[in-house]
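These notes concern the structure reproduced below.
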Amino acid sequence: MKVIGLTGGIGMGKSTAANTFRRLHVPVFDADAAVHALQGKGGRAVKPVAQAFPGTVRDGQVVREALRHAVIGNDAAMVRLERIMHPLVRDEERRFLAAARRRGERLVVLDIPLLYETRGEGRTDAVVVVSAPASMQRWRVLRRKGMTEARLAAILARQMPDAQKRRRADHVVYSGLSRHFAQAAIRRLVRSYRA
């Protein structure tokens, strides 16, 4: 089974790329969705997050805005959160891969925003980086509800620069030209890995 790592900075079009893989019947592990589930009602991260960050859990689930306020701009708090979340997300990833192997899948995608930052590329056969011009990235992200310049700057500070990701990638999908262009590139990529 071939494992493709899919990554890219915030606002680069990675979610659209992941949906294109899904439409091509390639199973996709979504690390962000795993985090949401782990922090949701009954999730395995709720108790350890409540212990590490008092006041961030209500009604049996993590209040994401409260957690964000507890860690943004605080490197020690962010490291503490990552020590809780990363092993739990890896466990979910292992379950996804085991289930895909049992089904006899030939190709799967690991959609992990911080793939390089967490040294996750070693668990893949190839890495696809989704990229767009910085001006387009900024425009896309600042349109999101609740996003501010300061929040964007804090997020970008934790992410590897786009140029560095592109240099390390096995494949780059450019999402700044058009959705059709990016989707066609992914279709070619899937065909080549299935061949």
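The values are calculated or read from the model by the stated rules, or taken from the named source; none is laboratory data. Worth saying up front: this structure is predicted, and the values here are computed from it rather than measured. Don't worry about glycine lacking a Cβ; one is built from the backbone with ideal geometry, like all the others, and counts go over all protein chains shown. Remember, those area values only see protein heavy atoms, side chains included, never the ligands or the DNA or RNA. Shrake-Rupley method; radii C 1.70, N 1.55, O 1.52, S 1.80 Å.
Have a look at Val79, Val63, Val71 and point out the one that is among the β-branched types (Val, Ile, Thr) and touching a helix residue (DSSP H, G or I) at 6+ places or on another chain (Cβ under 6 Å). First the steps, then the outcome.
Working: Val79 fails: touching a helix residue (DSSP H, G or I) at 6+ places or on another chain (Cβ under 6 Å); Val63 fails: touching a helix residue (DSSP H, G or I) at 6+ places or on another chain (Cβ under 6 Å).
Answer to the selection: Val71.
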Please determine whether any residue of region 95-102 is under 30 Å from Ala66 (Cα atoms), open to solvent by 50 Å² or more (accessible area, probe 1.4 Å) and in contact with an Asp or Glu (Cβ under 8 Å, 6 or more places away or on another chain). no
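Can we say Arg144 is open to solvent by 50 Å² or more (accessible area, probe 1.4 Å) and either part of a helix (DSSP H, G or I) or of a type in the set (A, V, I, L, M, F, W, C) (or both)? Can you show your working first?
Numbers: open to solvent by 50 Å² or more (accessible area, probe 1.4 Å): yes; either part of a helix (DSSP H, G or I) or of a type in the set (A, V, I, L, M, F, W, C) (or both): no.
No, not satisfied.
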Residues that are at pLDDT 95 or above and touching a strand residue (DSSP E or B) at 6+ places or on another chain (Cβ under 7 Å): find the helices (runs of 4 or more DSSP H) completely inside region 32-137 holding 3 or more of those. 46-52, 75-103
With criteria (1) under 21 Å from Met78 (Cβ atoms); (2) within 19 Å of the chain's Cα centre (by Cα), Gly146 comes up short on (2)
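So which of Arg167, Arg151, Arg179 ends up being modelled with pLDDT under 95 and open to solvent by 60 Å² or more (accessible area, probe 1.4 Å)? Show your work before the answer.
Values: Arg167 fails: modelled with pLDDT under 95; Arg151 fails: open to solvent by 60 Å² or more (accessible area, probe 1.4 Å).
Exactly one residue qualifies, and that residue is Arg179.
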Matching option when the condition is β-branched (Val, Ile, Thr) and farther than 30 Å from Gly176 by Cβ, among Val108, Val57: Val57
Among (1) out of contact with any Leu (no Cβ under 8 Å at 6 or more places or on another chain); (2) of a type in the set (D, E, K, R); (3) within 24 Å of Glu92 (Cα to Cα); (4) touching a residue at least 60 places away in the same chain (Cβ under 8 Å) - the single one Arg123 does not satisfy: (1)
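Take Ser131 and tell me if it is within 17 Å of Val173 (Cβ to Cβ) and among the hydroxyl-bearing types (Ser, Thr, Tyr).
Working: within 17 Å of Val173 (Cβ to Cβ): yes; among the hydroxyl-bearing types (Ser, Thr, Tyr): yes.
Judged against the criteria, Ser131 is a match.
Each row is one residue, and each column tells you yes or no for (1) without any contact (Cβ under 8 Å) to a residue 60 or more places away in the chain; (2) open to solvent by less than 40 Å² (accessible area, probe 1.4 Å).
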site: Gly8; (1), (2): no, yes
site: Asn19; (1), (2): yes, no
site: Val28; (1), (2): no, yes
site: His36; (1), (2): yes, no
site: Leu88; (1), (2): yes, yes
